[in-house]
Structures are given as C-alpha cells and as structure tokens.
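Have a look at the structure below before the remarks.
The values are calculated or read from the model by the stated rules, or taken from the named source; none is laboratory data. What you see is a predicted model; the values in this text were computed from it and never measured. Note that we place each Cβ from the backbone using ideal geometry, even for glycine, and neighbour counts take in every protein chain shown. To get the accessible areas, we keep the full protein, side chains included, count just its heavy atoms, and leave off ligands, DNA and RNA. Shrake-Rupley method; radii C 1.70, N 1.55, O 1.52, S 1.80 Å.
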Amino acid sequence: MATTPTSTPAPKTNRIGLTVLDYRGGKTTLCAGCGHNAISERIIDAMYEMGVPPERVIKPSGIGCSSKSPAYFMSRSHSFNAVHGRMPSVATGAVLANRRLIALGLSGDGDSASIGIGQFVHLMRRNLPIIYIIEDNGVYGLTKGQFSATADLGSKLKTGVINDLPPIDTCALAITLGATFVGRSFSGDKKQLHAMLKAAIAHQGTVMLDVVSPCVTFNDHEGSTKSYKYMKDHEEPLQDISFVPSFEEIDVEYDPGTTVEVTMHDGSRLRLSKVEEDYDPTHRINAIHRLHEAHDKGEVLTGVFYVNPQAPTFIDMLNMTDEPLATLPESAVRPGREVLEQVMEELR
Amino acid sequence: MATTDIALHQDSGSVERKRVVNNMSIQVATVNGSGSQSSNTVLLRSIFQMGVPVSGKNLFPSNIAGLPTWYTIRANKDGYIARKKEIDFLIAMNVETAREDVMSLAPGAAVLYDEPLKLDALRSDLVFYSVPYDKLVAPVCPEAKLRKLVKNMIYVGVVAKLLDIEMGEVEKAIRKQFAKKVKAANLNLAAVQAGYDYAASSLTKRDPYFVQRMNKTAGKIIIDGNAAAALGCMFAGVTVVAWYPITPSSSLPETLIEYMKEHRVGPDGKATFAIVQAEDELAAIGMVIGAGWAGARSMTATAGPGISLMAEFAGLAYYAEVPGVVWDIQRVGPSTGLPTRTSQGDILSTAFLSHGDTKHILLIPCSVAECFSMAQDAFDLAEQFQTLVFVMSDLDLGMNNWMSDPFTYPEKPIQRGKVLTKEDLDRLGGFARYKDVDGDGIGYRTLPGTPHPAAAYFTRGTGHNEHSQYSERPDDFETNMDRLNRKVETARSFVPAPELMHGDKAKIGIIAYGTSHWAILEARDQLRNEYGVETDYLRLRAYPFSAAVEEFIEQHDRVYVIEQNRDAQMHSMIKLDIRPELVTRLRSIAHIHGLPLDARSVTDELMSMEGK
Ligand SMILES: Cc1ncc(C[n+]2csc(CCOP(=O)(O)OP(=O)(O)O)c2C)c(N)n1
Ligand code: SF4
Ligand SMILES: [Mg+2]
C-alpha cells in the first residue's frame, strides 16, 4: 500500500485488503428506521474489521422482514433465503457440506420462536459452528404485526390487543440446550452489538444472539415492550464488552478486579468489565438464573450471558475429514472395486 | 414352461401323490419378537444354496412383540419370485392365528403344528404333521430362557427332512447366520438336528413337496433393497445424509452407516461423510437441501408421512434449483395407514409434491440391482438437473430379501453437473444463475465458498430473474417457470428408459412399475400358457416419461396400467402426458390391500376385463 500521501487517499482497507464497501449489500427495502437495518450495518462493520473473507460467509435465513435482511449486506457472500422457521436445517446441511464456510444465520422472533422452535432447539443442542441472530421485534413484521412468542406479558399491540401469554426467552432456552455463546443486545446499542458480533465471529461453536430490533411500523408505540423508547428506559447491560482480536497486539491494560477476560478458541480475548459482582459468564446455571431474575424485575438484560469457548463442535463430533465434503474428489468418495467384490462375496 | 401350480386335491392322505419339485410356498405363521427371523432366513438360504430360486417375504405388524407375523418363502424352479397367493406348506407356530391360518389353506396343503394345538381336528383335506416342540427343545437347550428362540430351529430341521433340504446346506446357512457366534451356531444346529431326527423317526411323508438341487442360483447374492440402496449410495459418492426413523426406510440409513464406517473413512481416520439423525423430516430435507446447495451429494430416506412433511421444502428445492436425493420406501397410507405393509401409493403426490406448479424426477427401481444402480442415477440426475430426485422404492423391495446377480461396479464417472469454479469465473467475469445458456433449461451454479468476488448469488424461494434478483415482474416469472418446465422436458431423455418386453404380435399392452414387475412377468406367462393371450410389456423406470411410453400406447389396442394403489395414480399421470386420442386405450388394474401383488390376481382381473 502506498505510504506517501496522494491527492486522492487510498480507501481504508482491512487485514485482507478489502474496503468496507466490499461488505456492502443491496439497497434495503425495509422500512426506514427498522431495527433490522441497524443490525445489518453492525454486521458489515464487524465482518470488515475482523477481516473475514466475504466469499467464505454464507447467509442462510428463514422468512420474515428479518430474514430478508441478508440481501442488504455482504453481496459477495452466498445467501439462502429458505422457508419459514427452517433456516437451522439448511444452515446445518451447508456447514456439513463445507466445514470451511462461516455461517451467519438470520432469523426473526416469529421465525425462530414459533414455527421454527423445533429446529431452533435442535440446532442449539448440536453446537454447530454458526452465528445465529434473532432480530427480535416481538411481532410478525412481514405479516403486519401479529404478536410473536417473544412478546412480553402485558405488552400491547397498536390495535389495543394485550398479550396474555408469557414470552419465550430464546437466550435462556439456548443456554439450557447447549449453545456455547449466548447474548442479548439491542439494535440501537451500537458499541455493545459491535463488540459482541466481533467476539461471535471468533467463537468456534454455536453463537446465539437475540437482538432486540424495534419494528417501527407495528411495534414501536406506547405500551410496546420492544420499542426504542422502552429499550432506552429498560435496557440493563450486564457488562461493558470489548474484544481484542487474535491478530491485534494487546495494548490496553485492564483491571482483573473489575474485568473478566475470556480467551476465545482462536486466541482472541473477550473482555467483560464492570461485571456484576460474582457474575461468571462461563457458568451456565448462573446465567439462566440471572435471566429469570431479570424477567421478574422487568429489566431487559443485555450482554454476553454465557460463553464456553472450548466445547467440541458438531463437526468435531462427526469426526469429519478436514477437506470440505462438497469438493472431495471421486477417488475419496467412491470405494474401489475390491470393496464391492468383498461385499458381494459376503452376500453370496 | 409350466406355470400352473400343481394342486393335487384328491386323496391328500395318500403317499402316492405326484411329486411337486421346486415349486411351493412355505409360510411360517408366528408372532413378532419370537425370534423366528433367523430360522426363516436359514430356511431361505438353505434352499437358495441348493440352487433353487427363492424369495422371502415378511408380513409383519406395526408392533415390537406379540402380534401375528407371517413369513413366506417361495421356491420356484422357473424363477418366479413374486408373492404366490396359495400357501402349500404351513408352519403354524402362532396359537392366536392357527385356526384361521389352517382354515384358509387350499385342500392338499401341508401343516406343521405344535402338538398341543391339535390342529388336525380342524380339517380332513390337509396333510398334518404334529411336532412336540417343548419335548424336543428341552434336551438340546438346557437354558430355559433361550428355548423360546431355539424352538424355531426345530421346525427348520423337520421341514428339511420332509422337503429333502440337504442338512449340509442347512448347517452352512446357520454358520453364516451366526457368523462369529460359534456357540449360538452350535446350539441352533443341535435344535435343527433334533427336529430332523424327530421327523425321520416319527413322521411319515404324505405331502407331495420336494426341494431338489438345481443350478439356478450359482454366483447370486441375497440382499434386501434398502441394503442395496445403501451400497449404491456409498458407491455413488454420497457425502451428507440426514434422516429421521420411519418404517420401512430406517434400515436404509442404518445399513449405510455401517457400510460407510467401514469403507468411507480416509487414511487420516476421518470420515468422508456426515450422517445426521435429524429431529424430524422437515429438518432432514432442510439439511439435504442446505448440503446440496453447498455442493454435497446429499440424501435422505423416508416413507409417505415423511414425504408429506417435506412438501414445502420440495417446492423450494424445485424453484431455487437445489440438488438432493430422497428415497421413498413406500408403505400403505393414508395417514399412518398400514405402516408395515407395501404400496405404490405415493407416486402421484410425490411427482407433484408441493404447492404451485412443481414437478419432480422420480426413479422407480423394481429390483435390488436397480436400487444399487439407480442410486448413482439419482445423484447424477439431481446434480445435473439441480433438483430433487425421488427414488420410489417400496416396503416389499426395501425390507424383504431378494436374490440377484451380483452388482456391477459403476463404470460411469460421477456427474457433478454445471458448476462454475473460480477459474471459470476468472475467464467469464461473472454469471447469471438462472440463465438458460445451453438451451436445456439448466443454468450454471456456483458453490458457496468459491473464492471469487462474482461467485455469490442470492438463493431464494421468491420470484426471481435470471440474475437471481428479487422480481415480481410477470415476464420474469413466466420465463423462469417455462425454463423450469424445459428442464423437465430435457429430463425425459436422461432418466432411465423404460424396459420393453415384446410378445408375439400382441394387441394387448401392459404398463407396470416397481415391484409389480415380478407378478407381471409371471402373469404374462400365465396369460400365454393358460389362455393363449399374448401381451407386450413396458416397465416404467422413471418420471417424466420418455417418448417410448406414448409410442407403446400407440402400438396397442388396449393397454393395462397395473399398480398397487387405489386411485390408479400412474394411470392418471400417463393420461396427463399422452395425446388425448390415446387415452381411451388405457385401462387400469389398481388395488391396495397391503400384500405384494401376485400374478394370479393380475391374470384373473385382466382376463375378466378382456371379457373372458
Ligand atoms: C409456512 C409459512 N407460514 C406462514 C408464513 C407467513 N409469514 C411470513 S413472515 C411471517 C412472520 C415473520 O415474523 P418474524 O420472523 O418475527 O420476522 P419479522 O418480519 O418480524 O422480522 C409469517 C407468519 C410463511 N411465509 N410460511
Ligand atoms: S414492518 Fe417492521 S420489521 Fe418489517 S421492515 Fe417494517 S419496521 Fe422492519
Ligand atoms: Mg419479528
């Protein structure tokens, strides 16, 4: 790269020589102000800063406004906008076919917590390498604003209808089931979401992020518990999150008294500071306990609730060969004549 | 060739009856979970090893233990291996059904029964042999709790003596059955011997049935269709398998797991495959589609209820053009239906599975050899046509033992279809995913992970243009749908062609498919030998139909479409496909009752429809 200043300065590039523009997608067709758009922006920034080759990323999604959003970031990555609630299975198949792919799954609260809860549950159990994002607005945006299963008790629709069923906490559920990196954020919390996404990229197993993402058209009014205003008033961050990627020199000192540092599988560091006293993000039971407590207190707790950087992934469990299965040559996938001969002999 | 079964109704008590050699069906009536399966396999193999063509069919209940099960072995010197309607030799082991089993026999049949059942009092026109099982089993099997299982080997010995099955072959079959378990083999052998000795000393042969050595099975193998399919998939290079247990398909992936663990682990000790038991069939097909999209040779195996669950995804794969292979081992529906009985009831719904205009490629094997060879066809076609391919097997084929010539090693290299690599993209600069460049309706695709900035495209189930961009334009939609139809048209000449068998100047044609084949072969001989009626026969092996199907109908005055379902599903599909003026030539013979098709029913119904 040129080091002498020129009249038109070269655009800034990341460690693999790409500019942030190389991570852009198509122009969004979502409503102006929709939380989902902000999440797309954070994904672009995080992927760019982490220097992830876009061609290695896949963006499977379900159906919904949220599931459309892969069209609006990272056009150089393959997308698969599948069927409603079934993104987990499509993602699983793709990752099994090619273990080198970096899967970024996009879903909505309707997509994951209602029609797709079965696949959601089983994906979490497997610790498949994937970043699973729920863009959570408490309603079905695309079908015009019906309640979803993450809507809080007592929250109100624009029509005045009150939700009288308890919400499914996808984070508590994911932790219970075996996901190994679980957090909640808010589309409006730029700094927290950014750091969380970068740590997510460094994680080797299943990352489940529930990102509260207001639907400005159907669920941003007084009485909604997923509105911008409600989040501003009730968001309770569990910690300040910073992330030091493996490829960066560690320069900033930190105080072990107030900061928990988690070393990720790739050697990068996730730093959680001003952690509530005795909150240990590697302790599953505590995490679940704290989430239930937050519900009772009416707080919207955000942050990294649980992380287990070393747990074996589904790929490890299947003892798969290092090469992508998809492109193994015929010689590797078709046993020789002598094998057929031997099997035939056994059947005679 | 003699095709009628020589039934000697007169004087069943006489030893003078004419010998019936290598032409009989033996039925073992028992309860499931009683461990008779090994005995039945030993009987089957012993006859097979004597060079006599055999088939074995298990009619079992949807239950783990305690309900009636019938196992039928047919030995036939002429090689007929379809189910035979009449039972010649009954081994009555089930107290619950013994009476009905005996009452339904034709006069002259033989019955072997447990002494305390006193079945001989039921009828005077049958040959009865009583066997004191409990008395015989005690001395050879000191361990009381094993007696229930070992008892079954007693009848093998009795039958061996009565039918002249060589004991050397029985021993060989037992050693094979209990391969590494020498103690078990010896125990079972002793039981067989006890039965044999009992028959030699205490029973007088009064039935006419004999097994006699011949040379029609040399070099052949015995295997079930699901195991054959599993082998076929392994040699076809399958890499990702996702499945959910359902009878009668489960043994396909289960056998595949065994074969793959043995033969598809690389020098590094790591698997060149991934097999996942999914949470349900929706997830199974989703994984297959995700994997196919990312470039794997992916498959699942299921039965009708699973196919129904896969419907939405099948439409996505059709429309987004993603390869994958689905084995449907058909059983009797609707709903849970008769889950352990065979049918051809998913043909129509699978061909058009999903909403909107969808059409899928179906391959229809009739034999274990075709289960093996069509596995490669299925994967090749799926990748060449970038779509799901359904292999329509059935319970009769999948779960029963069939003899076959050994499978031949696939000579054709694996076909991966139109996939652009980084180098292709360097040369081309870019591509349009859904553009019909070659006029066959099939576009070029890239695999995720291809390291080229122009490799990515957006895969979607929503309306799209050639560049896979979202589009609601009427012209884009129609152009795309027409192209998809062009793919199906192209497929007509790529799918396995029908098999044609000509008679002598026949005016009557028969169209059938799958396991119905075996009854049709026999029925054609019956029609010729008993009625002097010549038929030509076309066996369908795939959908969409090749041009040969219409030609065949053109060449015949009347064409009988014979199948194992109620609604004449294939008949309907042919009607949709041929010129309207040919439709009146078609006639349908379609039944579903859960039993594999037999020749006699076909012959009788066809003759009555012929007005004779
Ligand atoms: C099988 C099926 N049922 C119903 C629908 C209709 N549908 C489309 S999107 C959607 C809900 C989406 O909600 P969510 O996942 O929360 O996404 P959002 O639009 O809120 O981002 C529904 C019910 C569908 N596409 N498919
Ligand atoms: S309807 Fe709601 S969720 Fe959908 S794009 Fe508009 S604001 Fe976003
Ligand atoms: Mg929603």
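What number of residues in region B:281-302 are assigned to a loop (DSSP other than H, G, I, E, B) and at the interface with chain A (Cβ under 7 Å from one of its Cβ atoms)?
Within region B:281-302, residues that are assigned to a loop (DSSP other than H, G, I, E, B) and at the interface with chain A (Cβ under 7 Å from one of its Cβ atoms) number 3.
Those residues that are among the polar types (S, T, N, Q), at pLDDT 95 or above and part of a loop (DSSP other than H, G, I, E, B), I need them from region B:1-59; list them, please.
The one that is among the polar types (S, T, N, Q), at pLDDT 95 or above and part of a loop (DSSP other than H, G, I, E, B): B:Asn22.
Just checking, how many residues over region B:592-612 are acidic (Asp, Glu) and closer than 12 Å to B:Ala82 by Cα?
Within region B:592-612, residues that are acidic (Asp, Glu) and closer than 12 Å to B:Ala82 by Cα number 1.
Looking at region A:127-143, can you tell me whether even one residue there is away from ligand 2 (no atom under 16 Å from the Cβ) and open to solvent by 40 Å² or more (accessible area, probe 1.4 Å)?
No, there is no match, as no residue in region A:127-143 is away from ligand 2 (no atom under 16 Å from the Cβ) and open to solvent by 40 Å² or more (accessible area, probe 1.4 Å).
Residues that are free of Cβ contacts under 8 Å to residues at least 40 places away in the same chain and open to solvent by 70 Å² or more (accessible area, probe 1.4 Å), at least 3 per element: which helices (runs of 4 or more DSSP H) completely within region A:233-348 meet that?
Answer list for region A:233-348: A:284-297, A:337-347.
For region B:445-492, what are the residues that are touching a Gly at 6+ places or on another chain (Cβ under 6 Å) and more than 7 Å from chain A (Cβ to nearest Cβ)?
If the condition is that a residue be touching a Gly at 6+ places or on another chain (Cβ under 6 Å) and more than 7 Å from chain A (Cβ to nearest Cβ), then B:Ala454, B:Ser471, B:Glu472, B:Phe477, B:Arg483, B:Arg486, B:Lys487, B:Thr490 are the ones that fit.
Only one of these is open to solvent by less than 10 Å² (accessible area, probe 1.4 Å), more than 28 Å from B:Thr358 (Cα to Cα) and away from chain A (no Cβ under 11 Å): B:Asp426, B:Asp396. Name it.
Sole residue among the options that is open to solvent by less than 10 Å² (accessible area, probe 1.4 Å), more than 28 Å from B:Thr358 (Cα to Cα) and away from chain A (no Cβ under 11 Å): B:Asp396.
Conditions tested, residue by residue: (1) at pLDDT below 95; (2) out of contact with any helix residue (DSSP H, G or I) (no Cβ under 8 Å at 6 or more places or on another chain); (3) open to solvent by 50 Å² or more (accessible area, probe 1.4 Å).
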position: B:Lys435; (1), (2), (3): no, yes, yes
position: B:Asp440; (1), (2), (3): no, no, no
position: B:Pro448; (1), (2), (3): no, no, no
position: B:Pro453; (1), (2), (3): no, no, yes
position: B:Asn465; (1), (2), (3): no, no, no
position: B:Thr479; (1), (2), (3): no, yes, yes
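Using the structure shown, decide if B:Tyr198 is in contact with a Gly (Cβ under 8 Å, 6 or more places away or on another chain), outside the structural domain of B:Arg175 (by TED's automatic domain parsing) and open to solvent by 10 Å² or more (accessible area, probe 1.4 Å).
No, not satisfied.
Looking only at region A:213-232, how many residues end up being more than 12 Å from ligand 2 (Cβ to nearest atom) and surrounded by 24 or more Cβ atoms within 10 Å (Cβ to Cβ)?
Counting residues in region A:213-232 that are more than 12 Å from ligand 2 (Cβ to nearest atom) and surrounded by 24 or more Cβ atoms within 10 Å (Cβ to Cβ) gives 0.
Take A:Gly108 and tell me if it is of a type outside the set (A, V, I, L, M), farther than 21 Å from A:Asp316 by Cα and either in contact (Cβ under 8 Å) with a residue 12 or more places away in the chain or more than 16 Å from ligand 1 (Cβ to nearest atom) (or both).
Answer is yes for this residue.
If I filter region A:71-91 for residues that are more than 8 Å from chain B (Cβ to nearest Cβ) and under 21 Å from A:Gly188 (Cβ atoms), do I get at least one hit?
There is at least one residue in region A:71-91 that is more than 8 Å from chain B (Cβ to nearest Cβ) and under 21 Å from A:Gly188 (Cβ atoms).
When you scan region B:88-202 for strands (runs of 3 or more DSSP E) that lie fully inside it, which ones turn up with 1 or more residues that are under 29 Å from the mean Cα position of the chain (by Cα)?
Here the list reads B:89-92.
Considering (1) free of Cβ contacts under 8 Å to residues at least 60 places away in the same chain; (2) within 16 Å of ligand 1 (Cβ to nearest atom); (3) under 18 Å from the mean Cα position of the chain (by Cα), say which one A:Met74 fails and leave the rest.
Checking A:Met74 against (1) free of Cβ contacts under 8 Å to residues at least 60 places away in the same chain; (2) within 16 Å of ligand 1 (Cβ to nearest atom); (3) under 18 Å from the mean Cα position of the chain (by Cα), the one that fails is (2).
Give me a count of the residues in region A:140-158 that are closer than 19 Å to A:Ser40 by Cβ and not small (Gly, Ala, Ser).
1
Which of the residues spanning region B:413-441 are under 25 Å from A:Glu330 (Cα atoms), aliphatic (A, V, I, L, M) and in contact with a Leu (Cβ under 9 Å, 6 or more places away or on another chain)?
The answer is B:Val419, B:Leu420.
Every residue in region B:362-379 that is in contact with a strand residue (DSSP E or B) (Cβ under 8 Å, 6 or more places away or on another chain) and open to solvent by 10 Å² or more (accessible area, probe 1.4 Å), please.
B:Ser367, B:Ala369, B:Asp377
So which of A:Ala113, A:Ala149, A:Ala82 ends up being open to solvent by less than 10 Å² (accessible area, probe 1.4 Å), within 16 Å of ligand 1 (Cβ to nearest atom) and farther than 20 Å from A:Gly26 by Cα?
Of the residues listed, the single one that is open to solvent by less than 10 Å² (accessible area, probe 1.4 Å), within 16 Å of ligand 1 (Cβ to nearest atom) and farther than 20 Å from A:Gly26 by Cα is A:Ala113.
So which of A:Ile43, A:Ile63 is more than 7 Å from chain B (Cβ to nearest Cβ), touching a residue at least 24 places away in the same chain (Cβ under 8 Å) and within 20 Å of B:Thr462 (Cα to Cα)?
After ruling out the rest, the residue left standing is A:Ile63.
Considering only residues that are away from ligand 3 (no atom under 14 Å from the Cβ) and not in a helix (DSSP H, G or I), look in region A:119-145 and name the one that is nearest to A:Cys34 (Cα to Cα).
So, considering only residues that are away from ligand 3 (no atom under 14 Å from the Cβ) and not in a helix (DSSP H, G or I), the one nearest to A:Cys34 (Cα to Cα) is A:Tyr132.
Of everything in region A:92-116, what is over 18 Å from the mean Cα position of the chain (by Cα), within 7 Å of chain B (Cβ to nearest Cβ) and not polar (S, T, N, Q)? Give them in sequence order.
Residues satisfying the conditions are A:Leu96, A:Ala97.
Could you check how many residues of region B:238-274 are in contact (Cβ under 8 Å) with a residue 12 or more places away in the chain and facing chain A (nearest Cβ under 8 Å)?
Here the count works out to 10.
Quick one: count up the residues across region A:158-188 that are within 13 Å of ligand 2 (Cβ to nearest atom), farther than 19 Å from A:Glu235 by Cβ and either in a strand (DSSP E or B) or open to solvent by less than 40 Å² (accessible area, probe 1.4 Å) (or both).
0
Can we say A:Asp169 is within 16 Å of ligand 1 (Cβ to nearest atom), touching a residue at least 60 places away in the same chain (Cβ under 8 Å), within 30 Å of A:Ile315 (Cβ to Cβ) and under 13 Å from the mean Cα position of the chain (by Cα)?
no
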